[in-house]
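The values are calculated or read from the model by the stated rules, or taken from the named source; none is laboratory data. Values in this document were obtained by computation on a predicted structure and should not be read as measured data. No Cβ is skipped: glycine too gets one built from the backbone with ideal geometry, and neighbour counts run over all protein chains shown.
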Amino acid sequence: MAERAEIKFGTDGWRGVIADEFTFANVARVGTAIAGYLQDRRRKELPPYRTWGMPCRPPSAGVLVGYDTRFLSGQFARRLAQALLQAGVPAQVTDAPVPTPALSAAVVDQELAAGVMVTASHNPPHWSGVKLKPEYGGSATAEITALVEAHIPRDPPDPTDREVETVSVREGYLNRLRRAVDLRGLSRAPLYVVVDAMYGSAQGYLPELLQEARIPHLAVRSTVDPLFGGRKPEPLPENVVPLKAVVRSLRARAKGRIALGLITDGDGDRAAAMDERGEFLDTHRTAALLLWHLARNRGLRGHVLKSFALTDMVGKLADHLGVPWQEIPIGFKWAVEDLVTGKAAFAGEESGGYGYAWHLPERDGVLSNLLLLEFVAATGKSLGTLVAELFSLVGPHHYARRDLELPTRLEAVEKLTQAPPERLAGQRVVRVETLDGLKLRLERGWILFRASGTEPILRLYCEMDAPEMVRKALDDAERLARGGLL
């Protein structure tokens, strides 16, 4: 057991294997470090406050600690809150597992100094983690996490039996969603919805709003299972097989209604969907449909941000709509500033995280699913039909990701960056891009090599104009990454 393990914040927080790096002692060290950050005078000089024109709330404004449905998450949350209290920072814990965006909403609405979410998001069940949400209610910037890391003590504070007050954030978050979406308009649409919470902490939120709108619906995987049914709670095709079976079974009994599936991940900040035929609507097509809806039906104002690993469809569609857009590194922290200041209206990333300046500078899977429903209701068309129309505008785009357990992942990306191939998958490499990892632009699409910031994995992202080309490119890229000859 590594009680004094090095604690580093990655793309979105600190994560580790439960009972290995992620222990009660190390969680308490993180709580102490967050208190140190909040009490540090240098905090006021960080970019969120110095350059964004934001007020810096005092530590006395307090911290709210939330948690997901993973093993011991509630106990880890209480230990972290106790460490904050021991360091002189007021802290409370949510009274139940909550979606990350619900915690972020509470930070903003209650004018707290920060929120802390105990979650490993989409990681495997034996992982847990900590996400920090400063007073603006979004991902912590690199400068903030660096200051937190500077305050991590060598040893944890002594264990304590100090009581921690619990509070509910459910109704406040639901009220935000009620204001953000026209539930009455949804109630008039012929919809039949299957909600898949993937055993995560967003369970129950969408069904409650659908019930209010009197939309027929079913909820699957909406109980607490710390093992997530033996799957990662990440919206990928191989992880949503149960939803596919349910959606396909509905076709006979939907009775003229438009059937679809809506998916949230382990902590509710990511979204994906399934069309009326049970075909998975990956996060790229979801991102493009959300942008299309925002521009077509919501009067989108401001520019669009897309992560380096997100589909080209977003840029092409933005050009078609006359909307300015910008590519940013992977990790939602790179979108936060423009969302907080209102420069950007919408931000999307490959993992299924989508944020809206008029809501929160934060990914919100529950709201994103409701906006997809809005699009279907506004057009009277199924998700499958909308995807077909999208392809008629921007061309066919097919995507897949492959995760390789590769101990030398950092060295592999560095080696390929120094000497990229001239050809891959029978195509010429027409351009090399290195904004975040190594992206090879090919004649019919692109492939990206990137070492994960939260797991010991090399990720291969690929988008092509045909499914068979995606498979071929991924096969060749894997051989290349492992040092084989093409």
- Considering the range 258-314, residues that are more than 16 Å from the chain's Cα centre (by Cα) and among the acidic types (Asp, Glu), and then whichever is farthest from Arg402 (Cα to Cα), we arrive at Glu276
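Mind telling me which of the residues Val148, Val194 ends up being at pLDDT 95 or above and in a strand (DSSP E or B)? Lay out the reasoning, then the answer.
Numbers: Val148 fails: in a strand (DSSP E or B).
When all the criteria are applied, what remains is Val194.
Do we have Ala259 as over 21 Å from Tyr354 (Cα atoms), surrounded by 17 or more Cβ atoms within 10 Å (Cβ to Cβ) and either in contact with a Lys or Arg (Cβ under 8 Å, 6 or more places away or on another chain) or not assigned by TED's automatic domain parsing to the domain that holds Asp312 (or both) here? Spell out the reasoning first.
On the way: over 21 Å from Tyr354 (Cα atoms): yes; surrounded by 17 or more Cβ atoms within 10 Å (Cβ to Cβ): yes; either in contact with a Lys or Arg (Cβ under 8 Å, 6 or more places away or on another chain) or not assigned by TED's automatic domain parsing to the domain that holds Asp312 (or both): yes.
Judged against the criteria, Ala259 is a match.
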- Query: Any residue at all in the range 363-379 that is outside any helix (DSSP H, G or I), modelled with pLDDT of 95 or more and either under 22 Å from Arg459 (Cβ atoms) or touching a helix residue (DSSP H, G or I) at 6+ places or on another chain (Cβ under 7 Å) (or both)?
  - Reply: yes
- Query: Does Val30 satisfy the criteria of being part of a helix (DSSP H, G or I) and either aromatic (Phe, Trp, Tyr) or assigned by TED's automatic domain parsing to the domain that holds Glu143 (or both)?
  - Reply: yes
- Matching residues in the range 170-203 - criterion: being in contact with a strand residue (DSSP E or B) (Cβ under 7 Å, 6 or more places away or on another chain) and either among the aromatic types (Phe, Trp, Tyr) or not assigned by TED's automatic domain parsing to the domain that holds Phe375 (or both): Tyr192
- Condition met for Ile215 (closer than 19 Å to Leu372 by Cα and crowded, with 23+ Cβ neighbours inside 10 Å): no
- Query: If Thr223 satisfies every condition in (1) part of a helix (DSSP H, G or I); (2) without any contact (Cβ under 8 Å) to a residue 40 or more places away in the chain; (3) of a type outside the set (D, E, K, R); (4) more than 26 Å from Arg402 (Cβ to Cβ) but one, which is the exception?
  - Reply: (1)
- Message: Give me the residue from the range 149-188 that is in contact with a helix residue (DSSP H, G or I) (Cβ under 8 Å, 6 or more places away or on another chain) and within 16 Å of Arg298 (Cβ to Cβ) and, out of that set, surrounded by the fewest Cβ atoms within 10 Å (Cβ to Cβ).
- Response: Gly185
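Select, from Ala77, Ala91, Ala83, Ala114, the only residue that is in contact with a Pro (Cβ under 6 Å, 6 or more places away or on another chain), at pLDDT 95 or above, hydrophobic (A, V, I, L, M, F, W, C) and over 20 Å from Leu360 (Cα atoms). Even if it seems obvious, please write down each step before you answer.
Working: Ala77 fails: in contact with a Pro (Cβ under 6 Å, 6 or more places away or on another chain); Ala91 fails: in contact with a Pro (Cβ under 6 Å, 6 or more places away or on another chain); Ala114 fails: over 20 Å from Leu360 (Cα atoms).
Criteria check complete, one pass: Ala83.
Return the residue satisfying two criteria in turn: it lies in the range 413-439 and is among the hydrophobic types (A, V, I, L, M, F, W, C) and in contact with a Lys or Arg (Cβ under 8 Å, 6 or more places away or on another chain), and of such residues it is surrounded by the fewest Cβ atoms within 10 Å (Cβ to Cβ).
Filtering the range 413-439 for residues among the hydrophobic types (A, V, I, L, M, F, W, C) gives 413, 416, 419, 424-425, 429-430, 432, 435, 438.
Restricting the remaining residues to those that are in contact with a Lys or Arg (Cβ under 8 Å, 6 or more places away or on another chain) gives 413, 425, 429-430, 432, 438.
Working: Val413: 21, Ala425: 23, Val429: 17, Val430: 10, Val432: 13, Leu438: 21.
Per the criteria, the residue is Val430.
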- Task: Scan the range 385-428 for residues that are β-branched (Val, Ile, Thr) and either assigned to a loop (DSSP other than H, G, I, E, B) or under 21 Å from Glu350 (Cβ atoms) (or both) and jot them down.
- Result: Val387, Val394, Thr408, Val413, Thr417
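So which of Tyr37, Tyr49 is out of contact with any Leu (no Cβ under 9 Å at 6 or more places or on another chain), crowded, with 16+ Cβ neighbours inside 10 Å, hydroxyl-bearing (Ser, Thr, Tyr) and in a helix (DSSP H, G or I)?
Tyr49
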- among the hydroxyl-bearing types (Ser, Thr, Tyr), within 22 Å of Arg450 (Cβ to Cβ), at pLDDT 95 or above and in the same structural domain as Ala335 (by TED's automatic domain parsing) - does that describe any residue in the range 289-308? yes
- Message: One residue is enough: does the range 294-312 have a residue meeting the conditions in contact with a His (Cβ under 8 Å, 6 or more places away or on another chain) and surrounded by fewer than 24 Cβ atoms within 10 Å (Cβ to Cβ)?
- Response: yes
- Message: Checking Ala335 against (1) crowded, with 21+ Cβ neighbours inside 10 Å; (2) without any contact (Cβ under 8 Å) to a residue 12 or more places away in the chain: exactly one of these is not met. Which one?
- Response: (2)
- Can you tell me how many residues in the range 440-452 are surrounded by fewer than 19 Cβ atoms within 10 Å (Cβ to Cβ) and more than 21 Å from the chain's Cα centre (by Cα)? 3
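For residues that are within 30 Å of Asp403 (Cα to Cα) and either among the small types (Gly, Ala, Ser) or touching a helix residue (DSSP H, G or I) at 6+ places or on another chain (Cβ under 7 Å) (or both), tally how many sit in the range 114-136. Spell out how you get there, then give the answer.
Restricting attention to the range 114-136, the residues satisfying the condition of being within 30 Å of Asp403 (Cα to Cα) are 116-133.
Filter once more, so that each one left must be either among the small types (Gly, Ala, Ser) or touching a helix residue (DSSP H, G or I) at 6+ places or on another chain (Cβ under 7 Å) (or both): 116-121, 125, 128-133.
Result for the range 114-136: 13.
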